[in-house]
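Participant: Got a structure for you, questions after.
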Amino acid sequence: MKKMSPKHISYIASVCLLLIMTTQAYLVYDYYQTTRAGLVRESDAILQEAFRKDLSIRGQAYKHSVGEDTLKTPPPSTNENTASTSIQLAKEYKDNLTTLLDLTINNFISKSIPLNLNKLDSITGTILASRQIHSAYIINLVNPTNKRVLQQSKKRFISSILVVPSKPLQIDLENKKSLQLILVNPFGVIIKRMGLLLLSSLVLSLICLFAFRFLLITLARQKKLMAFKNEFLGTIAHELKRPVASLTVNLDCLTMPAFADDKAKRELLVSKSMNATTELNDTIRMIVALAKVEEGLLILDKQQIDLRQLFEELKTRFVNNAYKGVVIQTAYEAEELMVIADIQLLSQCFANLIDNAIKYSNSEVQINITLRKEANRIAIWIKDNGFGISPEKLPSIFEKYSRAHTDNAKINGYGIGLNYVKTIVEKHKGEVSVQSEVGVGSEFVVKLVS
């Protein structure tokens, strides 16, 4: 099966994210419509309840005005047209005789005590408050035929296009007048009722966005690491060829008769072969150690080490085999400079620092190494007069595959040397830091437990 590239993964993730966000938006919109429809039905019920309460109040007032204890339904008219209309209304309202009774009573009472929209408005406000609907509202008396507003419960009312109107409520038998409750900007109520869905939708959307962002960052990092890895493999293949080529040339020379009787030349060739072997061995050991660290398999072979002796050996090795003019000055500010550590791994750490100081310098290299005892620690300063490291690259200088001088194509490097230093020093419960200035040089400080 063909492996998908990060670009294809990004496209698929983008499409999936778009589908998820679109689905979320549709669900929210659909639930909003459902909630709004529910609010419309509730508005219908509220208006009808308010009308009946108002009708009851006006009925009581009518009884007191005529001196009767019980409101009686008006007797049916003997007029043929009215009788025909009554039969038609009875058929129309056969499933809701309560509404028919309300309309009949309202027609009768309104002749003496007409409907007062202001009082109906007050009753409606009380019912809305009891149902936790805190929204501006208005009650309109409208003509159901042409939808014209005949009267409003509030004279100074700011109109808005964001309204939720109830269905017109018929209040007379002739269907010439209807009441309509208008909720203005009730979206606070709707959003409150949609709170759980909106919150869960928002949380899910944020999780998707953060996951997508994390995926993009991870893919970018993987792409960068892949580029570093390819560069690293190419560089290390080139670097390993150098000691192998040196070994091959030296061994070929040793087999030649011309070098058989020349002891000095033989010793020089043997010395170069040993140095090439050491370089090759150190590089392989460094790569293996880093691989073991990543797998959690690195075990330190600790023993007592004399740092003074260690640095003298490194000094001799780098000065004698340098391809530049190298001066290494050492200063030991204590008689005893002993640590418990893995000598091979620690030696490679300091060899990396010295090798970098030589590699990233001009033709004349000056390296100052100072060892000092501080309480229960030994501090090692390695200072050079090299190119220096730019401030923006300092924070990432110890990261794997990070190189401070990628612009200099003539200088080969693995991009793992300083990461190796930091990893091994920290494995020894130590710490490493760096200060650098471009054009002046760098100073690395390693602190180890003594």
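Participant: Here are some residues: Lys147, Lys155, Lys167. Which one is on the phi > 0 side of the Ramachandran plot and surrounded by fewer than 17 Cβ atoms within 10 Å (Cβ to Cβ)?
Facilitator: Only one candidate qualifies: Lys147.
Participant: Take the residues in the stretch 327-349 that are in a helix (DSSP H, G or I) and in contact (Cβ under 8 Å) with a residue 60 or more places away in the chain, then tell me which one is surrounded by the most Cβ atoms within 10 Å (Cβ to Cβ). Quick ask: steps written out before the conclusion?
Facilitator: Keep residues of the stretch 327-349 that are in a helix (DSSP H, G or I), which gives 343-349.
Imposing the further condition that a residue be in contact (Cβ under 8 Å) with a residue 60 or more places away in the chain reduces the set to 345-346, 348-349.
Values: Leu345: 21, Leu346: 24, Gln348: 22, Cys349: 26.
Selected residue: Cys349.
Participant: Related question: Select from the stretch 418-444 the residues that are open to solvent by 20 Å² or more (accessible area, probe 1.4 Å), farther than 21 Å from Gln366 by Cβ and outside any strand (DSSP E or B) and write down the one among them that is modelled with the lowest pLDDT.
Facilitator: So the residue we want is Asn419.
Participant: Right, something else. Taking the stretch 317-356, which residues are modelled with pLDDT under 90 and among the β-branched types (Val, Ile, Thr)?
Facilitator: Val319
Participant: Okay, next question. Working only within the stretch 193-219, note down all residues that are assigned to a helix (DSSP H, G or I) and touching a residue at least 12 places away in the same chain (Cβ under 8 Å).
Facilitator: Result: Arg193, Leu197, Leu198, Ser201, Leu204, Ser205, Cys208, Leu209, Phe212, Leu215, Leu216, Leu219.
Participant: Looking at the stretch 209-224, which of its residues are more than 12 Å from the chain's Cα centre (by Cα) and open to solvent by 70 Å² or more (accessible area, probe 1.4 Å)?
Facilitator: Scanning the stretch 209-224 gives Arg221, Gln222, Lys223, Lys224.
Participant: Now for a separate question. Is it the case, given these coordinates, that Ile367 is modelled with pLDDT of 90 or more, out of contact with any Ser or Thr (no Cβ under 7 Å at 6 or more places or on another chain) and open to solvent by less than 30 Å² (accessible area, probe 1.4 Å)?
Facilitator: yes
Participant: Within the stretch 51-83, which residues are at pLDDT 80 or above, closer than 26 Å to Pro168 by Cα and open to solvent by 60 Å² or more (accessible area, probe 1.4 Å)?
Facilitator: Once the filter is applied, which keeps residues that are at pLDDT 80 or above, closer than 26 Å to Pro168 by Cα and open to solvent by 60 Å² or more (accessible area, probe 1.4 Å), the stretch 51-83 yields Arg52, Lys53, Ser56, Ile57, Gln60.
Participant: Also, quick follow-up: Report yes if Pro395 is open to solvent by 60 Å² or more (accessible area, probe 1.4 Å), farther than 26 Å from Ile287 by Cβ and either out of contact with any Leu (no Cβ under 6 Å at 6 or more places or on another chain) or modelled with pLDDT of 85 or more (or both), otherwise no.
Facilitator: Against the criterion (open to solvent by 60 Å² or more (accessible area, probe 1.4 Å), farther than 26 Å from Ile287 by Cβ and either out of contact with any Leu (no Cβ under 6 Å at 6 or more places or on another chain) or modelled with pLDDT of 85 or more (or both)), Pro395 does not qualify.
Participant: Could you give every pair whose Cβ atoms fall below 6 Å, whose first residue belongs to the stretch 179-192 and is farther than 20 Å from Lys154 by Cβ, and whose second residue is outside any strand (DSSP E or B) and open to solvent by less than 50 Å² (accessible area, probe 1.4 Å), counting only separations of at least 6 or pairs across chains?
Facilitator: As it stands, the answer is Ile190/Thr35, since those pairs meet every condition given.
The values are calculated or read from the model by the stated rules, or taken from the named source; none is laboratory data. Everything quoted here is computed from the prediction, not taken from an experiment. Positions of Cβ are backbone-derived with ideal geometry, glycine not excepted, and every protein chain shown enters the neighbour counts. For the accessible areas, the whole protein counts, side chains as well, though only heavy atoms, and no ligand, DNA or RNA atoms are used. Shrake-Rupley method; radii C 1.70, N 1.55, O 1.52, S 1.80 Å.
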